1. What does the charge add up to near His81, with Lys and Arg as +1, Asp and Glu as -1, over the other residues with Cβ less than 12 Å from its Cβ?
2. Counting Lys and Arg as +1 and Asp and Glu as -1, each charge on the Cβ, what is the dipole of the stretch 74-190 about the Cα centre in debye, to the nearest 20?
3. Compute the distance from the alpha-carbon center of the stretch 118-148 to that of the stretch 5-57, in whole Å.
4. Over the stretch 9-189, what is the percentage of antiparallel beta bridges among all DSSP beta bridges, to the nearest 5?
5. If we count every other residue with Cβ under 10 angstrom of Asp9's Cβ, Lys/Arg +1 and Asp/Glu -1, where does the sum land?
6. Taking H placed 1.01 Å from N in the peptide plane, check which residues at least 5 places from Ala170 or on another chain put their amide H under 5 Å from its amide H.
7. Give the residue from Met94, Ala112, Ala130 lying farthest towards the positive end of the charge dipole for the chain; charges sit on Cβ (+1 for Lys and Arg, -1 for Asp and Glu) and the dipole is referred to the Cα centre.
8. Taking a 20 Å limit on the Cα-Cα distance, which of the listed pairs Lys103/Lys160; Lys4/Lys182; Lys39/Lys65; Lys39/Lys160; Lys4/Lys39 fall beyond it?
Amino acid sequence: MLTKVVFLDRDGTINRDSPDYIKSRQEFEFLPGSLEAVKNLTQNGFTTIVITNQSAVPRKLISLKELEAVHNMMIDAAARHDGEITDIFYCPHMPEDGCDCRKPEPGLIYQAREKYLIDLSAAVMVGDSARDIECARRAGCGRAVLVQGGLENDAEKELKARQVRVDYVAKDLLEAAAWIVKNHKLEKAS
């Protein structure tokens, strides 16, 4: 059973988000430090899995083929930087579809748990929105880290209003990864 797993949101956490959606490889831009963060997690023995809502697909803004190309590009870029993205799970539904895989619902994390036999109580979810943190809590992830700088600047306030606990607030994914690695080492030492 995998116990060192980090779930990462995509848009706003790994790459720049856009109110107009990321519709192609050309529009995809890694955030500073995100590839270094994946490398840090990989080199410290963490399995990194991306969990992302992609309603641009049913909106016909991006094809499944192009979405797969974007995801393959991400995996290849991480590998070139000595990091590994083990898998990418995405929800291809609209918010109003009522599926169980669109964050904040935990369906994507449950799919990953089934495929990789993950101990969710030891897993960490990192994202830039309140729905990412809510997803982590609904799935039973041991920790949830909020990164700042995405499109949702009020995520902390939203979480506080809903009484959803966040374990750490980082300025970016690089800081979040350092916190995850440090805290895992502290847990092992105690």
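1. Summing Lys/Arg as +1 and Asp/Glu as -1 gives -2.
2. Roughly 460 debye for the stretch 74-190.
3. With the stretch 118-148 and the stretch 5-57 each reduced to a Cα centre, they are spaced 15 Å.
4. 5
5. -1
6. Correct list: Leu146, Val147, Gln148.
7. Ala112
8. Lys39/Lys65; Lys39/Lys160
Every number in this text was worked out from the coordinates using simple rules, so none of it is lab data. Just so you know, these numbers come straight off a predicted model, no measurement behind them. A quick note on method: Cβ atoms are made from the backbone with ideal geometry, for glycine too, and the neighbour counts reach across all protein chains shown.
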